[in-house]
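A short write-up of the structure that comes next.
Read the figures in this text as sums done on the coordinates, not as results from a lab. Model, not experiment: these values are computed from the prediction. Virtual Cβ from ideal backbone geometry, glycine too; neighbours counted across all protein chains shown.
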Amino acid sequence: MRAIYRVARATYYEGWRRRFLNGILVFAILIIGSSWVFTYLQPGAELKMLIDVGLGSIRFFGMLIAVFLGTRLIPDEIEKRTIYTLLSKPVTRMQFLLGKYFGGLATVISNVALMGATFYVVFLVKAPQFAQPTEEGSPVYSMEFMYENIAKAIVLNFVELAVVMAIAVVASVVFSWILAAIVSFFVYFVGQMSEFFGHLADPETTANPVARMILLTIYRVLPHFENFDVRESILTDIPVIWPYMGKVAAMGALYVAVVLALGYLFFNQREV
Amino acid sequence: MNNTVKQLVVGILIIGLLIGMRPLSDAISYDRLVLGYARPTQVTKILQYDAPAMTSVIVGAMLGGFREVAASMLWMKTHSMWHKGAGTQWDALYLMRMTTLLDPHWLEPWRITAWHCAYNLYVETDDEEKRAELVETGVNVLKEGISWNPDRYDLYFELGWTYFDKIRDYEEAARWMGAAVRFEHPEYIERLIAHGWERVPEMEKALMWYDYCLKRRPSDHTAKGATITIRERYLPASRLIDEGRFEEAADAADMYLTINPQATLALHMKAHVYERAGDLEKALEYWALAAENYTLDYHARAKVADLCEQLGWPVPEYASHIYMREQQLKQQREMAIRRDAN
């Protein structure tokens, strides 16, 4: 455990020193901080736009940080040859992999927490103003669960990024970092549509059994990233209940375990 | 434990975890559906091959958080295409549809897309079958929009208005506008419900809604005038119909027709009297008179077509009648399927 902690700690600080990540973070905070400016695009639906742009930016920039950081963690160690020093010490490959993963994840979560806090401040200031109906018949937004739901959406975002991070780290063990980044983006984008693949795998939609089997495999194997997206319930002010949060978190943890176990298999085979 | 055994154990662990994830994944999908966290999946097929719609579903999913911004940009593009004028109507429809899929909680694109189908594209063709299809598309677009935004009055009202103004199915119009008033809404919708019922004609129901308008706002002069008119001119006939005294009801309707032989509501009332009495030929005569007097009286025209069909006479085809007949057939088919299933 101590070895994992040490590697993770070093990775965390190293992550914060990466300039391109700081650049993404600053840009993200600027976008999120000014998310209320985009509300002019949809007059009468300002609150909806604020939530969409704010939470959407957190998800998107969080994913960028997770992919770019995750795919660089191990290749950089190999490139700089520091991995030899580390692995010659009593640090196993599994400990090294886990340390890198948890260190990177801590960096991503702290980044996203900063973005989330920025959005929360913007929301607290602007939401009461946008929730007021501007004319007769304008929507009156119910905001009973909205504040709590936004916090929960950010927490679910952490779990989602834990999965993205695991995929990025493991992909970087198998491929070069650029290819790993492409693979991670691909998995992320396709994973956003996994329900769509499930729908296509239905016998009523697709008649060909081979195509159906392929679609069903994609549906079963790929992570269901849309499960982490609860913006629908925020907009309609439906409470996001804790049992659902628990199930999604358990699903995320299981998925991370599968990906890291796969990563261990690949990393164990790899010559460094 | 040697390396091969370790790898075997890890491999088995991976398979076990993947199998274990399946019930959890199913439970989450179920929760999302039941708790309302998932986006509705109903997709209206607007065009024969709805490729742009599918593309936008995919692009929308890929864009994740920026769908709404993309939708706004697309809407601006629709505006610029709109101002180019002729020849761009169908292209504009593609863009409108993509916008509704990218941001289904934005009401304006739903409203405009439905209006574009049921009104703008409608007048681009003389084929009544095609017109009926376009009206149906407009209705389906609004119904899909409602499935995404069930807690806002806007689209219920738009759908009610399409039934009221374009299809002239006043009962359906009153039903959807009745759904609209369950949410925060402008006052005129209540008066429109009353207008709808008086055109059916269902005078008791119309009166009930006008009374409601008056109680809420005693200075509502439209409701006040309509209440007086209905009580004076149409309520006696309506009561007599309910009592089965059809001859007297026809006489009561005649009282106002003598003063104004072209009064639409009085003609509707007279036709309604004969329809309720089972004298379809007489009813047809008065619906035809109403349709001839006022060319935009689609309700009367649809009634003419409907009664001709019932009497086995040649049916003049009007878009709204074709549409309503299609809907009736669909309902009958669905009921038969349900009956067979039971």
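Things to note:
- Nearest-ten-degree value, helix A:46-79 long axis tilted from longest Cα axis of chain A: 10 degrees
- A simple spin-label model places the labels of B:MET76 and A:TYR120 3.3 nm from each other, with each point 7 Å out along Cα-to-Cβ.
- Among the listed pairs A:LYS247/B:LYS6; B:LYS282/B:LYS303; B:LYS215/B:LYS270; A:LYS80/A:LYS100; B:LYS143/B:LYS303, those beyond 19 Å (Cα-Cα): A:LYS247/B:LYS6; B:LYS215/B:LYS270; B:LYS143/B:LYS303
- Of B:VAL135, B:VAL315, B:VAL304, the one that fluctuates the most in a GNM where chain B has Cα springs shorter than 10 Å: B:VAL315
- Range in chain B, longest, excluding exposed trypsin sites (Lys or Arg not before Pro) [loop by DSSP; at most 11 other beta-carbon atoms within 10 Å]: B:183-342
- Using Cβ point charges alone (K and R +1, D and E -1), the dipole size of the stretch A:2-269 about the Cα centre works out to roughly 1620 debye.
- Cα-Cα P(r), chain B, percent of pairs per 20 Å interval: 24, 47, 22, 5, 2, 0
- Karplus (6.51, -1.76, 1.60) ³J(HN,Hα), θ = phi - 60°, over the stretch A:98-111, in Hz, Gly and Pro reported as x: 5, x, 4, 4, 5, x, x, 5, 4, 5, 4, 5, 5, 4
- Shape of the stretch B:259-342, Cα gyration tensor, a/c cut at 1.5: prolate
- Cα gyration tensor shape for chain A, rounded if a/c is under 1.5, else prolate or oblate: oblate
- Chain A: angle of helix A:146-174 to the longest principal axis, Cα-based, in degrees nearest 10: 30 degrees
- Between B:SER147, B:SER72, B:SER29, the GNM of chain B built on Cα springs shorter than 10 angstrom shows B:SER29 fluctuating the most.
- The stretch B:74-219: proportion of alpha-carbon pairs further apart than 21 angstrom, %: 49 percent
- Compared with the dominant Cα axis of chain B, that is its longest principal axis, helix B:51-63 is turned about 50°.
- Size descriptors for the protein assembly as shown, from the alpha-carbon set: Rg then Dmax equal 31.3, 109 Å.
- For the stretch A:1-129, the Rg and Dmax computed from alpha carbons only, in angstrom: 18.4, 63
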